[in-house]
Amino acid sequence: MRLHNLLKKEGIEPDLVSLDQCFMKNPEIIRLIIKTADLKKSDVVCEIGAGTGILTIKMSRLCRKIFAVEKDARLYNLLSSLLGKKENVEIIIGDAKKCGFFNANKIVSNLPYGILDWFFEELDNYDFDLAVVTIPLKFYEKQLSKYNTLVPEIIKMVEPCDFYPQPGVRSVVIKVKKKKN
């Protein structure tokens, strides 16, 4: 089922204003994100903005535990129906800024763009193995250099048409590691 049809069936209209919702719909980019994350059975993953669970479902087959954080309570039933039987997935309906990273060693997410400053400030002070996230290209070009302990690398350019609904900006999938001392 196509993403917008799934959301329509659930009676969910994406909230671009207060929740900054643009859901990744391109399966090739989802596969690339997962490949780049190099998930192992020992990994604990934090996904901020689990949305419709498309990325979560695929990751759940590859790692020990996923903390899938979603702020929009309207998506809980959808996430529960898709992921409720997976013992290694914990769905958290709440604000990521209050939840943190759950001691995850990997953060894999199509981030809500409205929390980027908070996310990278937290990541800058967090001990992690790898983060693979989708962010706006302009944020990568103009803001990311201010985070001293992070080493970002562009993996792929992402066009607005790869999301539903389409954001007004180009995005990038990046891989982030910590600088070595």
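The values are calculated or read from the model by the stated rules, or taken from the named source; none is laboratory data. Treat the numbers as computed from the prediction; the structure is a model and nothing was measured. Backbone-built Cβ (ideal geometry, glycine too); neighbour counts: all protein chains shown.
Spot the failing condition for Leu7; the list is (1) farther than 23 Å from Leu116 by Cα; (2) in a loop (DSSP other than H, G, I, E, B); (3) modelled with pLDDT under 90, and only one is missed.
With respect to (1) farther than 23 Å from Leu116 by Cα; (2) in a loop (DSSP other than H, G, I, E, B); (3) modelled with pLDDT under 90, Leu7 is out only on (2).
When both residues are 6+ apart or on different chains and their Cβ atoms are under 8 Å apart, which pairs have a first residue that lies in region 73-91 and is within 14 Å of Gly49 (Cβ to Cβ), and a second that is among the polar types (S, T, N, Q) and part of a helix (DSSP H, G or I)?
As it stands, the answer is Leu79/Thr56; Ile91/Ser80, since those pairs meet every condition given.
Could you list, in sequence order, all residues of region 39-71 that are in contact (Cβ under 8 Å) with a residue 60 or more places away in the chain, within 21 Å of Asp95 (Cβ to Cβ) and part of a loop (DSSP other than H, G, I, E, B)? Walk me through it before giving the result.
The first filter runs over region 39-71 and keeps only residues in contact (Cβ under 8 Å) with a residue 60 or more places away in the chain, leaving 39, 43-49.
Now restrict to residues that are within 21 Å of Asp95 (Cβ to Cβ): 44-49.
Matches in region 39-71: Gly49 only.
Can you tell me which residue among Phe139, Phe119 is surrounded by 17 or more Cβ atoms within 10 Å (Cβ to Cβ), modelled with pLDDT of 95 or more and within 15 Å of the chain's Cα centre (by Cα)?
Phe119
Select, from Leu123, Leu116, Leu111, Leu144, the only residue that is touching a helix residue (DSSP H, G or I) at 6+ places or on another chain (Cβ under 9 Å), farther than 26 Å from Leu3 by Cα and not β-branched (Val, Ile, Thr).
Unique residue meeting the criteria: Leu144.
Output yes when any residue across region 7-17 is over 22 Å from Pro165 (Cα atoms), touching a residue at least 12 places away in the same chain (Cβ under 8 Å) and either of a type in the set (Val, Ile, Thr) or exposed (fewer than 13 other Cβ atoms within 10 Å of the Cβ) (or both), and no when none is. Walk me through it before giving the result.
Step one: filter region 7-17 for residues over 22 Å from Pro165 (Cα atoms), giving none.
No; the residues of region 7-17 include none that is over 22 Å from Pro165 (Cα atoms), touching a residue at least 12 places away in the same chain (Cβ under 8 Å) and either of a type in the set (Val, Ile, Thr) or exposed (fewer than 13 other Cβ atoms within 10 Å of the Cβ) (or both).
Yes or no: Lys41 out of contact with any strand residue (DSSP E or B) (no Cβ under 9 Å at 6 or more places or on another chain), within 28 Å of Asn5 (Cα to Cα) and modelled with pLDDT of 95 or more?
Against the criterion (out of contact with any strand residue (DSSP E or B) (no Cβ under 9 Å at 6 or more places or on another chain), within 28 Å of Asn5 (Cα to Cα) and modelled with pLDDT of 95 or more), Lys41 does not qualify.
Does Ile33 satisfy being among the β-branched types (Val, Ile, Thr), touching an Asp or Glu at 6+ places or on another chain (Cβ under 7 Å) and in contact (Cβ under 8 Å) with a residue 60 or more places away in the chain? Even if it seems obvious, please write down each step before you answer.
Working: among the β-branched types (Val, Ile, Thr): yes; touching an Asp or Glu at 6+ places or on another chain (Cβ under 7 Å): no; in contact (Cβ under 8 Å) with a residue 60 or more places away in the chain: yes.
So Ile33 fails the test.
Does Leu16 satisfy the condition of being among the hydrophobic types (A, V, I, L, M, F, W, C), over 13 Å from the mean Cα position of the chain (by Cα) and closer than 18 Å to Ile135 by Cα?
Details: among the hydrophobic types (A, V, I, L, M, F, W, C): yes; over 13 Å from the mean Cα position of the chain (by Cα): yes; closer than 18 Å to Ile135 by Cα: yes.
Yes, satisfied.
Just one of Leu75, Leu39 is closer than 22 Å to Phe128 by Cβ and of a type in the set (A, V, I, L, M, F, W, C); which is it?
Leu39
Looking only at residues in region 23-38 that are touching a helix residue (DSSP H, G or I) at 6+ places or on another chain (Cβ under 8 Å) and part of a loop (DSSP other than H, G, I, E, B), which one is farthest from Asp95 (Cα to Cα)?
This residue is Asn26.
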